[in-house]
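Colleague: Mind looking over this structure? Questions follow.
Bear in mind that the values in this text are calculations on the coordinates, not laboratory data. Everything numeric in this text was worked out from a predicted model, so none of it was measured. Cβ: placed from backbone, ideal geometry, glycine included. Neighbour counts: every protein chain shown.
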Amino acid sequence: MMMRGRVVVALMSLTLGFGLSSTASADKGEVDWSNRVVKATGKGAPNLKAANITVARLGAEKAAKLDAMRNILETLKGVEVTGGESVGGIIESNSSVKAKVQGVLRNFKIVATRYFSDGGVEVDVEMKLDGELASAVIPKAAAPKGACNGGTTGLVVDATGTGIVPALAPRVLDSAGKEVAASSMLEPGAAADRGVAAYAKTVNEAKSNA
């Protein structure tokens, strides 16, 4: 059966090193699973041989943006997609997906810029996990599993104390190993638009997820 909604995982008292904000590489960036964005900071040093401080700052700002994009990519490489497969593993084994991801990363959003007296620049950037990025790395379903019949359209999983690692497209299995929920059960396009799974800190927060 196809689901209109998605899996919402409540991670109460989760004792992961990163909780809902996973730091794939502490000095590179982090993934905010609650808001489904990857965050990174980029730094650009001024060219001391530049004609003036304005020229030096422009060059530093460009360098900071490039550094931020590299840091987002490095952070994303550690993100799990599904079945133990990471973004890094997928893009290294598929040049087409790698090119798509690199293209998507150019659309990151700058949320803060800091200018320093020596002409150096530092930028904080964010990139949505859903949308084009999700479309590029989440495996496509081989075939639809049927139409949504208007019944249950989502699933809340209480993962308290399980130590699970957040993933872009988690699979939920029953005790016999049969899939209860997976990206292939979502309506076409839903995984990219809304994400396969959302992560909340409490069950009540998960239940209120739209």
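Colleague: Using 0.36 nm times the number of residues separating K49 and R106, minus their current alpha carbon distance, what extension gain do you get?
Modeller: 17.7 nm
Colleague: Please turn the phi angles of region 38-55 into ³J(HN,Hα) values with the Karplus equation 6.51 cos²θ - 1.76 cosθ + 1.60 (θ = phi - 60°), one per residue in order, whole Hz, x for glycine and proline.
Modeller: Coupling constants for region 38-55: 10, 10, 7, 10, x, 10, x, 8, x, 7, 5, 9, 5, 4, 7, 5, 5, 5 Hz.
Colleague: Now a separate question. Count the net charge of all other residues whose Cβ sits under 12 Å from the Cβ of A64, scoring Lys and Arg as +1 and Asp and Glu as -1.
Modeller: +2
Colleague: For D158, which sequence-distant residues (separation of 5 or more, or a different chain) have an amide H within less than 5 Å of its own amide H, given hydrogens modelled in the peptide plane?
Modeller: Correct list: A10.
Colleague: Here is a further query. What ³J(HN,Hα) values, in whole Hz, does the Karplus curve 6.51 cos²θ - 1.76 cosθ + 1.60 give for region 132-137 when θ = phi - 60°, with x put for Gly and Pro?
Modeller: 4, 5, 4, 4, 6, 10
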